[in-house]
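Some notes on the structure that comes next.
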Amino acid sequence: MRPRQMRPSTRPEPDPPRVPSAKSLAGSKDPHRRKILVLGLRRAGKTAIQEVVFHGMSPRDTFFIEPTFRVSKEDVNTIIPLQLWDCPGGMPVENLDVLLDAFSTLVFVIDIQDEYSHAISKLVHLMAMVYTVHPLINIEVFVHKAESMSEDYKIDNFRQLQERVYDETIDHPLPLENLQITFHLTSVYDHTIYEAWSRVIQKLIPPLAALENLLNVLCSNSGLSKAFLFDIKTLTHVAADESPPDATTYGLCCEYIQTLLQFSNLYKYPQSSRTHQPLPPPQLTSTHTPSSSIPARKGTQPLSIPNSKTSRPPPANSTHSSAPSTLSNTSVDLDPADSRVWSTSSVRLKPQTTLAYWEITNQLSLVALIRSETYEASQGLIDYNVTFFRKAIHRIVDIEKAKWPSGD
């Protein structure tokens, strides 16, 4: 087998804005949305993936989805506005109303349970077309339907498929190995499909570096082991801190959010009590130098977490999982982020680890893993730092929304 060139793994970088051609804009009702083209052979699972992730369909109900016979366009609003183009299996891309340079990402779905030689040939053909029109496009390959295979057999097939694709690109007369292609092993029956879509969307988010920096500062000052900023409507995370990712941790966070959403109607506040007047800031002290990386106003700064051995423990009733509560006692000034009640919750997974949840915006939530000892000793200080984190996220979201004249 001919040696293949492997691209080193790098952190996702936002796709630079491009100006599509006039023909590209002619076939789109909203040229300001980042467009994602979803392709694949028939019965590969393209529509099922979108129904599970973006509509909350149960994976068991995907058996009854009718085949796609025409191109369907769907607007998705996350931290940035997106538009998904779901194409029928086997449809030539030449039949689209727009050129390929109108799309920021191409998602190609391959059924790993099927004979994928034809799928690889079509993928390489698409890569050749894309290279001549839009060589900077993000190509994401979903190796799908892996739930029925054993772990070892699944990994072997996944590795073999990647090798065959790389060999085909090397043998092609065009330098297709220079394209940005990423492979994801996915299934609608576990969290892998949400993690794959998270990677796809993160490459399109311009303020990704700012979001990750905010999470890093929050983890450093609050003693968080791992933190995700989730879009709760799609269960995709738009950013995470720099600590190494763990598939098990991500799955626990997804399941916890799903559980909270199922019971969220039980803890809704009356409409008349959604707003409140902020109380004076609490008098908190710390032996560490406060960090100024998270934006603050009126002379206040987020505090670093004190030594758990010298800090005063919180009240006994604050160490247990609770219904959504208010963070108004940590408000320091009048701000849109302080004008309503934001929910929070926590659960102890095991004696040493606690999983905590904070609502950040109407669509974004912070989910973090933290040592139980640290959480019990400094819960108030952590909530105080999350207040500054929430304000910073609100500013970023407002800036992003101002860029889209369509009002998304």
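The values are calculated or read from the model by the stated rules, or taken from the named source; none is laboratory data. Predicted model, so just to flag it, every value in this text is computed and none were measured. Here the Cβ positions follow ideal geometry from the backbone for every residue, glycine too, while neighbour counts run over all protein chains shown.
Quick notes
- The residue that is farthest from GLU147 (Cα to Cα), counting only those in the stretch 91-111 that are modelled with pLDDT under 90 and touching a strand residue (DSSP E or B) at 6+ places or on another chain (Cβ under 9 Å), is VAL98.
- Scope the stretch 220-233; condition surrounded by fewer than 21 Cβ atoms within 10 Å (Cβ to Cβ) and part of a helix (DSSP H, G or I); matching residues: SER220
- The set of residues in the stretch 38-74 that are among the small types (Gly, Ala, Ser), loosely packed, with under 15 Cβ neighbours inside 10 Å and closer than 17 Å to CYS87 by Cα contains only SER72.
- For the stretch 50-82, the set of residues classified as under 21 Å from THR186 (Cβ atoms), within 17 Å of the chain's Cα centre (by Cα) and not aliphatic (A, V, I, L, M) consists of GLN50, GLU51, PHE54, HIS55, GLY56, THR78, listed by residue number.
- Of PRO88, PRO3, PRO67, all but one fail to be modelled with pLDDT under 90 and either in contact with a strand residue (DSSP E or B) (Cβ under 6 Å, 6 or more places away or on another chain) or outside the structural domain of LYS145 (by TED's automatic domain parsing) (or both); the exception is PRO3.
- Taken as a whole, the stretch 12-33 holds at least one residue that is at pLDDT 85 or above, surrounded by 14 or more Cβ atoms within 10 Å (Cβ to Cβ) and of a type in the set (D, E, K, R).
- Inter-residue pairs, beta-carbon under 6 Å, first of a type outside the set (A, V, I, L, M, F, W, C) and in the stretch 51-73, second part of a loop (DSSP other than H, G, I, E, B) and modelled with pLDDT under 90, 6+ apart: THR68/PRO88
- Hey, ILE120 closer than 30 Å to ILE396 by Cβ, hydrophobic (A, V, I, L, M, F, W, C) and modelled with pLDDT of 90 or more or not: no
- The one condition in (1) in contact with an Asp or Glu (Cβ under 8 Å, 6 or more places away or on another chain); (2) outside the structural domain of ILE49 (by TED's automatic domain parsing) that SER222 fails to fulfil: (1)
- Test: residue in the stretch 205-223 that is free of Cβ contacts under 8 Å to residues at least 60 places away in the same chain and among the hydroxyl-bearing types (Ser, Thr, Tyr): no
- Some residue of the stretch 354-368 being free of Cβ contacts under 8 Å to residues at least 24 places away in the same chain and closer than 24 Å to PRO81 by Cβ: yes
- Taking the criterion of being touching an Asp or Glu at 6+ places or on another chain (Cβ under 7 Å) and not small (Gly, Ala, Ser), the residues of the stretch 167-189 that qualify are THR169, ILE170, THR182, HIS184, TYR189.
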